[in-house]
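Input: a single structure, listed below in structure tokens.
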Amino acid sequence: MDLAVTIASWAALVAGGFFYLVGAIGLNRMPDFFTRMHAASVSETLGAGLLVTGMLLQAGPTLVAVKLVIILLVLLVTGSVATHALARAALHDGELPLLADADGKLAATSPDSLFPGLGARLAAPLRSETVEQPEADPSKP
């Protein structure tokens with residue numbers, strides 16, 4: 001039984017390392033921001049999940065396993081939120097995704113043509129870019 005757990009653990013660790021390697025290659029080889037971000041997010045979720053699974057198998061039912069699960073949950077939540085925020089900020093700044101046209105060539109595509117109404121939402125400033133001024137109190141000079 002111990003040998004089977006060790007083999008499964010190492011298989012998960014090697015597979016997780018493989019996905020991180022593929023993600024790193026994807027960061028260098030992909031043509032635009034959005035596909036690079038996709039490569040990084042896939043390697044982060046799948047690679048981290050497999051690495052933590054391998055470490056969980058090595059740790060067994062201990063306090064270390066609980067800490068590893070908490071770390072995995074934090075990585076999964078923060079990774080997806082960060083990816084969404086980066087994609088939204090890139091679209092807001094005018095970065096256009098590259099999509100294949102009818103000839104199969106990559107061309108910058110307006111997100112408004114894909115999702116009607118998105119252009120109006122992107123034209124509005126982000127909440128982080130607006131500064132709310134406190135209302136002036138008329139009783140104070």
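Most exposed first by the Cβ proxy, i.e. fewest other Cβ within 10 Å, how do Arg88, Arg29 rank? If you can, show how the numbers build up before the last one.
Details: Arg88 13, Arg29 10.
Going from sparsest to densest Cβ surroundings: Arg29, Arg88.
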FRET E, pair Arg88, Glu135, Förster distance 30 Å, beta-carbon r, rounded to 0.05: 0.55
Inter-site label distance for Thr6 and Val66 at 7 Å from Cα along Cβ, in nm: 2.9 nm
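When Val52, Val64, Val77 are ordered from fewest to most other Cβ atoms inside 10 Å of their Cβ, what list results? Spell out each step's value before the answer.
Values: Val52 22, Val64 13, Val77 10.
Starting with the residue having the fewest Cβ neighbours, the order is Val77, Val64, Val52.
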Point-to-point label distance, Asp32-Ala59, nm (Cα→Cβ direction, 7 Å offset): 4.0 nm
Stretch gain in nm, segment Val81-Ala24, where the contour uses 0.36 nm per residue and the Cα spacing is subtracted: 18.5 nm
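Taking square-rooted eigenvalues a ≥ b ≥ c of the alpha carbon gyration tensor, is the stretch 2-97 rounded, prolate or oblate, where a/c under 1.5 means rounded and, failing that, a/b exceeding b/c means prolate?
Values: a/c = 6.07, a/b = 1.96, b/c = 3.09.
Here the stretch 2-97 falls in the oblate category.
Since every read-out is calculated from the coordinates, none of them should be taken as a lab result. Predicted model only: the values in this text are computed from it and were never measured. As a convention, Cβ positions derive from the backbone with ideal geometry for all residues, glycine included, and neighbour counts pool all protein chains shown.
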